[in-house]
Structures are given as structure tokens and as C-alpha cells.
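What follows is a single structure, written as C-alpha cells, with notes after it.
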Amino acid sequence: MMRGAMTVGMWTMASRILGFVRDILIAAMMGTGPVADAFFVALRLPNLFRRLFGEGAFNAAFVPSISTILHQEGMEAATGFAEEATAVMIFWLGSLTVLGEIFMPWLLYVLAPGFSGNHGKFALAVVLTRIMFPYLFFVCLTALFSGVLNAMGRFAAAAAAPVLFNLFSIAFMLTLTPYMANPGFALAWGVTVSGVAQMLLLIIAMRRAGMRITVPKPKLTPRMKILFRRMAPGLVGAGVTQLNVSIDIIIGTLLPAGSVSILYYADRVNQLPLGVIGTAAGTALLPALTRHIALGEEENAMAALNRAFESVLMLTLPAAIGLAVAARPVMDVLFVRGAFTAHNAVLAGNSLAAFAIGLPVFALVKILTPGFFGRGDTMTPLKIGVLAVALNLGMNLLFMHPLKAVGPALATSLSSACNAVLLVWILRRRGHFTFDALAKRRIPRLLLAGAVMAAALYGTEFLLPPGKTSIPEFLLLTVAGGIAYFGCGFLVRAFDMAELTALLRRRRRKAVAG
């Protein structure tokens, strides 16, 4: 499980780094102006589908189903199930894409109500969304093929596919912008073409893994009905974080101009550790839990969930503390150039700090929901997700005027914390999760190491001169925080380096043997 998580994490890290390069270019070219606001709203609709299907509801329903078929009935039966799912997905995704293109203005009245008073910005958002909307067709099929490969224990190609999204976006922005009305059009075409490239990569990877899928006539077979029944509630249960971010964007369009862009840049920084750690751990954990549960190995399933909980907390805690305490220096170093000003960095840093305080719980939700999905229960996360979305909406409305762009970020963090607490409570009540002796010993020590790191960062930042943070000053903050956290962690034995070293050694031996 941990080897799979590391594979996903490394490719996700590569994708996030390229994503930062893309966002740095966007910030330099467009800043937080009207074109940037229109593009980020336009990207939200297909991106919501990507997040829900690629990291949420579809995997939650499909991976346990095909894993069980693969291990109990063999490759031929699993191939047949994948073909059935592909045919049905092509039919309804194609229909959804056509309907979306036709009714796009009405969709954006819902997603961006604040743009309706600005005809130019609204019209630009409609055109950009129409260019990018076919991306959801390709990326949702990519998610299906990723689920097939994950069930087979092959994580690399699926994790590498998002790299193409960023490569094509960067390439199109750099090459097509001089020939377009504005950089938003070049970016939009890059997004759509990247969807085709991702799908082709996964088809090739499946064939190399020994599974060749043909597309039969779409039929709602009994297995498909079960799959979609499980998937429907998971759209909310697994994708609650993304739904919360979408609410943030809706509220952002009602705030002062530039708020949508500020929230986007802050969320992008926050998504780096979330994607590398939380999504990677959840992706690798789900097939492992499903396998243990199918074989009746409840003790092993409990141990896997405990180790995932520890690992996610160990890695997200310093990221959350660093991003919260040093939010403005992070935005200074990453984005202040070109059209992105120091004032923009202050505003985006405030929103980043609010997102960052919820980072550990964002990630924990991703490894707690497999505890339900692995047992075929998608309804419980749905109910909790609905509550979290309602709570997020209420807090957004409460915070939007006094806190401006900080309000949506803070509301998302607090509602996600409620989500995580309820997931843990119900798993414990059902007897599916309890903290074992090792977790009880390590978790308080991790929290102590985090407190020491926060103190070190505050002290170091206090000593730095005022004004824009330079790269050497930022590196000093990073080193001081890292030494404080890991130094204290090793002293109090919050984590064991020998375990990680042994894991890396086993991985290296496996690579050499392959």
C-alpha cells in the first residue's frame, strides 16, 4: 500500500510542480484581472468533474467492484466489466457534454452569479467554458481506465496522466497566446487537448498490462446498476471538498473583483500537499482495504487504516503549519512578478492561511472514506458530506462580508474538519477503526513536533526585515521549520526513519529486479 502511495505521490508531485510553473505564468500574464477571473470560473466546471471522478465518486464505486471481480473471477471477467462501464460512460458523458455546450450560459448563471452584472466578463467565461467542457468527457474516461489500472496494482500511468494537463497548458499558453485575443483562449484549448492525451496514455498502459478493452453497445446490466447506485451518493460523499471549493467560487464571484483569482491561487498552493499526500494515500489505500475486507482480514484492514492515518498526519501537519504561518512569504516567492502585485500576495496569503489550517483534515477525509467505500457503503459519507456542504454554505454567507476572500477559505476548512470528525466517530462506533497502541503513542508526539515547528517559524519570521520576502529568506524559513519539526519528531520518537528507509530499500530492490 505504501509503495503504491509513494508512486502516486511522486507523480503527483511532478504534476503539482508543473502546475506551479503554469500558475506562475498565468499570474504573470493575467494577475487577478477580469480575464483571470473568467478563466478560473470557466475551468471550475470541467475541473469539478475531474476531481469528483478522478479522485472521488467513480473510483470509490468502481475500484472495489473491479478489484473484487479481478481477484475472485479473473482477468476475463474484469475485462468484461470494464467494457460494460466504458460503453455506458461514453453514452452518458457524450450526452452530458452536448447538453452542457447548449445550456452553458444557464450553467454559469448558477456557477458565477456575480458575473451576470458584467456582460463582458460573463460572455468571456461562457466562451472559455464551452472550449474546455469536452475535457470532462476525456478525463472521466481517463478516470475509468485509471481505476482499472489501480485495481491491478499499477499506479504509475494513472498518476502520471495529470502531468500532461500541465504540459499542454504551458505549451499552448507560450505558443498560442500571440495569436489569440487573450491568454485565456490559449489556456482553454490546452486544457481540452490535454484530456485527449491523458486518455490515450491510459489506453496504452492498459494494453501493456494485458487488458484490451473494446466498446460494446451500452447496456444497464445488473452490475452497471449496482455501480451507478454506489457512485451516485459518492458524488457528494467523496467529493465534498470539491463541492465546498465550488461554493467558494460562487461566493467569490459575489465579492470584490479579483476575489475568484485570489481564492484560486491560494487553493492551488494548498492543493500541493493535499494531492501529493492525501490523494496518493487514499488512492493506494482503497484497493488494499477492499482486498483485506474481501478476504475477511479485518485486523489487517484496521492496521492499514492506522498506518495511513499516521503517515498522512505526519506529512500534512508540517505543510499546514508552514503554509499558515508563512503564507505571505510563500505567495511572495511563487507569484509576485508581472501582473501579480505585492498587494495581491497579501490578500492571497490571507486566504492561503485559512485554507492551510484545514489541510490535515482535508487529507484525512481522503483516507477515512475508503473505510466506508471498501465495505460498499457510499451512503454514510453522502449523509456526512451533505451536512458538511450545508455547513460550508452557511459559514460562507456568514463570513463573506466581514472577511471578504478569507471567508470562503475558512468556511471550507471548518466544514471539512466537521466532516473528518464525523467519519472517525462513525467508523469507531461500528468497530471498523480504533487507534492502535502505536498510533496512540505517535500522534500526540506528532502534535508536539508541530507546536515546536510553529514556534520556530514565528521566531524566524519576526527576525526577518519587513517587505517582500526574498528567496534566501524563504529558504531560511523552510530550513528552520524543517529542522524544528523533524528534529523534535526524532527526539520524541514521533516517527521512525528506519521504517521509511526499509520501505525505500524494498522499493529499490523491486525496481532493480524488474
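In sequence order, what are the phi-derived ³J(HN,Hα) couplings for the range 398-409 according to the Karplus relation 6.51 cos²θ - 1.76 cosθ + 1.60 with θ = phi - 60°, rounded to whole Hz, with x for glycine and proline?
6, 8, 4, 7, x, 9, 6, 5, 6, x, x, 5
Taking only Cα atoms of the range 75-161, what ratio of Rg to Rh do you get with Rh as the Kirkwood inverse-distance radius? If you can, show how the numbers build up before the last one.
Working: Rg = 17.4 Å, Rh = 15.1 Å.
Radius of gyration relative to Kirkwood radius: 1.15.
Suppose every Lys and Arg Cβ carries +1 and every Asp and Glu Cβ carries -1, with no other charges. What dipole size does the range 342-458 come out with about its Cα centre, to the nearest 20 debye?
400
Roughly how big is the chain's charge dipole about its Cα centre, with Cβ charges of +1 (Lys, Arg) and -1 (Asp, Glu), in debye to the nearest 20?
In total the dipole reaches around 900 debye.
Write down the Kirkwood hydrodynamic radius of the range 301-349, to one decimal in angstroms, obtained as one divided by the mean of 1/r over all alpha carbon pairs.
The Cα-based Kirkwood calculation yields 12.7 Å.
Rg and Dmax of the range 325-457, using alpha carbons, in Å: what are they?
According to the Cα coordinates of the range 325-457, Rg and Dmax are 18.0, 55 Å.
Run a plain Debye calculation on the chain (Cα atoms as equal point scatterers, no solvent) and give log10 I(q)/I(0) at q = 0.05, 0.07 Å⁻¹, rounded to two decimals, same order as the q list.
Debye curve over Cα of the chain, log10 I(q)/I(0) at q = 0.05, 0.07 Å⁻¹: -0.18, -0.37.
With all protein chains present, how much of the accessible area of the range 346-423 (probe radius 1.4 Å) comes from carbon and sulfur, to the nearest whole percent?
C and S atoms contribute 79 percent here.
Pick out, from Pro46, Ile247, Ile213, the residue whose Cα sits farthest towards the positive end of the charge dipole of the chain, with +1 on the Cβ of Lys and Arg and -1 on the Cβ of Asp and Glu.
Among Pro46, Ile247, Ile213, the one farthest towards the positive end of the dipole of the chain is Ile213.
From largest accessible area down, sort His292, His343; use a 1.4 Å probe on the protein chains.
Descending order: His343, His292.
Starting from the 7 Å offset along Cα-to-Cβ, what nm value, one decimal, do you get for the label separation of Leu99 and Ala294?
Those two pseudo-labels are separated by 3.3 nm.
What is the gain in length, in nm to one decimal, between Glu76 and Ala390 on full extension, counting 0.36 nm per residue of separation less the C-alpha to C-alpha distance?
Numbers: separation 314, 0.36 × 314 = 113.04 nm, distance 4.36 nm.
Between Glu76 and Ala390, full extension yields 108.7 nm more.
For the residue pair Leu398 and Ile483, what label-to-label distance in nm results when each label sits 7 Å from Cα along the Cα-to-beta-carbon direction?
4.2
Using a 1.4 Å probe over the heavy atoms of the protein chains, calculate the carbon and sulfur portion of the accessible area of the range 158-197 as a whole percent.
80
So how far apart, in nm, are the two label points at Glu83 and Val110 if each is 7 Å from Cα heading toward Cβ?
Computed distance between label sites Glu83 and Val110 equals 3.6 nm.
Determine ³J(HN,Hα), in whole Hz, for all residues of the range 327-340 in sequence, where each value follows from phi through the Karplus function 6.51 cos²θ - 1.76 cosθ + 1.60 and θ = phi - 60°; x replaces Gly and Pro.
Using θ = phi - 60°, the values come out as 4, 5, x, 4, 5, 4, 5, 6, 10, 6, 5, x, 7, 9 Hz.
Quick check for you: with a 1.4 Å probe and neighbouring chains kept, what is the accessible area per residue of the range 332-439, in Å²?
37
Could you order Leu272, Leu289 so the one with the most accessible surface comes first? Probe is 1.4 Å. Display every interim value, and only then the final one.
On the way: Leu272 40, Leu289 5 Å².
These residues rank, largest area first, as Leu272, Leu289.
Limiting things to C-alpha atoms, what are the Rg and the maximum Cα-Cα separation (Dmax) for the range 149-198, in angstroms?
Spelled out, the Cα radius of gyration and Dmax of the range 149-198 are 13.7, 45 Å.
Total Lys pairs in the chain closer than 30 Å by alpha-carbon, pairs eight or more apart in sequence or interchain only?
For the chain, qualifying lysine pairs total 12.
Positive end of the charge dipole of the chain (Lys, Arg +1 and Asp, Glu -1 on Cβ, about the Cα centre): tell me which of Tyr485, Leu457, Trp11 has its Cα farthest that way.
Comparing the listed Cα positions along the dipole, Trp11 ranks first.
Farthest toward the dipole's positive end in the chain, which of Gln271, Leu227, Ile293, given Cβ charges of +1 (Lys, Arg) and -1 (Asp, Glu) about the Cα centre?
Ile293
Take Arg337, Arg207 and sort them by solvent-accessible surface of the protein heavy atoms, 1.4 Å probe, largest at the top.
Sorted descending by solvent-accessible area, the residues read Arg207, Arg337.
For a Förster distance of 35 Å, can you work out the FRET efficiency between the beta-carbons of Ile204 and Tyr179, rounded to the nearest 0.05? Mind dumping the intermediate values first?
Details: r = 31 Å, r/R0 = 0.89.
Given R0 = 35 Å and the Cβ-Cβ separation, E is 0.65.
Can you give me the accessible area per residue for the range 78-117, using a 1.4 Å probe, in Å²?
Per-residue accessible area for the range 78-117 comes out at 43 Å².
The values are calculated or read from the model by the stated rules, or taken from the named source; none is laboratory data. Just so it is clear, the model here is predicted, and its values are computed rather than measured. Positions of Cβ are generated from backbone atoms using ideal geometry, with glycine treated the same way; all protein chains shown enter the neighbour counts. Calculation scope for accessible area: heavy atoms of the full protein, side chains included, ligands and nucleic acids excluded. Shrake-Rupley method; radii C 1.70, N 1.55, O 1.52, S 1.80 Å.
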